[in-house]
Amino acid sequence: MTGPRAYHQVPVAEVISETADTCSLVLDVPPELGEVFSYRPGQFLTVRVPSGRDGSVARCYSLSSSPHTGDLPTITVKRTAGGYASNWIADNVRAGGVLELLPPAGTFSPQALDGDFLLFAGGSGITPVISIIKSALAAGRGKIVLIYANRDERSVIFGSDLRRLAAAAEDRLLVVHWLDSLHGAPMVAAMAALARPYVSAEAFICGPDPYLAVVRQALSRLGVPAKGVHAERFLSLAENPFEATEPAGGTAATLEVCLDGQTRQLPWPAGTRMLDVLIDQGLDPPFSCREGICGACACQITGGKVEMAHNEVLEAEDVAGGYILACQSLALTPEVRVTYE
Ligand code: FES
């Protein structure tokens, strides 16, 4: 059984209405949690939303603030039609209230802020992207191009912030709006034409799956290798990290793991995630979200087989290359060998 994760109570300093269906929650993180809630641009927080009598659901919302500008950490939430959590947050969270949160997680974040960036955002996919923009403008020196697709003008989130940032950045930030109401749905050829002058920049895409697919194809048509493109889908969790969950299959195995320069053999009980096996044995493997969405726990399998309960981060070529997510892996063979080296 996977135990529930500890969450932190964080006061909400302010609720800002961004559009008719989107609001930003500014967080007043207490000083003793400052370290726990330090974050990189593009990361997200997991919110525990009460549900039923004692239950909860968990949802991830990207930080739209920058850790480089001195602003309070802020997440931005868009109501989704029929979505319980986003509507609950929009209807119930007010300034002075409290959010129950897991620490920041996610790998949709530049390694360095100094280069040029080619950023694509679709709808509320702008949230982590504007965090990268603010951060690169504040702490980097390169040029930034944002291609931002929306249904129509009313659905543009952060329109005035982007105008203000572009005006203050002089020629460092170029924002290109794509409105379906004017231009039709984004197509590969049109995205490729917009991106062509900027293909040497580091590319990031966040938005709904169809938008991601179109932009990926456009970049591949321009010869940008898929490996160099950072993409973030809208995040959904396979499990609720705030509730205990039942084990899901797998077989008992022996795990041989190479970690921190040492090789060890460990018993791997059936139905236990590999990451839990390592932690239970006192090892210190890397991990963050534990939900199969950040990739922090990735390692390489060198013998045997596992199955992953959930994977939103490894691409098919990563999996073909033997990469697995320890937080999602159950043993399928009596012996499994992995390496973190
Ligand atoms: Fe995030 Fe495993 S810890 S994918």
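Annotations
Yes/no matrix, rows are residues, columns are (1) out of contact with any strand residue (DSSP E or B) (no Cβ under 9 Å at 6 or more places or on another chain); (2) under 19 Å from residue 109 (Cβ atoms); (3) of a type in the set (Ser, Thr, Tyr):
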residue: 30; (1), (2), (3): no, no, no
residue: 38; (1), (2), (3): no, yes, yes
residue: 46; (1), (2), (3): no, yes, yes
residue: 51; (1), (2), (3): no, no, yes
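- Listed here are the strands (runs of 3 or more DSSP E) enclosed by the stretch 1-69 that have at least 3 residues being modelled with pLDDT of 95 or more: 8-19, 22-27.
- Residues located in the stretch 272-295, provided they are away from the ligand (no atom under 15 Å from the Cβ) and either under 25 Å from residue 46 (Cα atoms) or assigned to a strand (DSSP E or B) (or both): 280
- Selected residue (only one of 320, 298 is away from the ligand (no atom under 16 Å from the Cβ) and out of contact with any Cys (no Cβ under 9 Å at 6 or more places or on another chain)): 320
So that you can scan it fast, the table gives a plain yes or no per residue for (1) among the hydroxyl-bearing types (Ser, Thr, Tyr); (2) exposed (fewer than 14 other Cβ atoms within 10 Å of the Cβ); (3) touching a Pro at 6+ places or on another chain (Cβ under 9 Å):
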residue	(1), (2), (3)
52	no, yes, no
59	no, no, no
62	yes, no, yes
67	no, no, yes
71	no, yes, no
75	no, no, no
78	no, no, no
87	no, no, no
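- Long-range neighbours under 6 Å by Cβ, at least six apart or interchain, first residue closer than 15 Å to residue 293 by Cβ and in a strand (DSSP E or B) within the stretch 322-336, second among the aromatic types (Phe, Trp, Tyr) and at pLDDT below 95: none
- Conditions (1) buried (at least 21 other Cβ atoms within 10 Å of the Cβ); (2) in contact with a His (Cβ under 8 Å, 6 or more places away or on another chain); (3) of a type in the set (A, V, I, L, M); number of the one not met by residue 139: (1)
- Matching residues, the stretch 323-336, being within 16 Å of the ligand (Cβ to nearest atom), under 14 Å from residue 271 (Cα atoms) and in contact with a strand residue (DSSP E or B) (Cβ under 7 Å, 6 or more places away or on another chain): 326, 328, 329, 330
- Hey, residue 313 within 21 Å of residue 111 (Cβ to Cβ) and either within 16 Å of the ligand (Cβ to nearest atom) or assigned to a loop (DSSP other than H, G, I, E, B) (or both) or not: yes
The values are calculated or read from the model by the stated rules, or taken from the named source; none is laboratory data. None of the values given here were measured: they were computed from a predicted structure. As a convention, Cβ positions derive from the backbone with ideal geometry for all residues, glycine included, and neighbour counts pool all protein chains shown.
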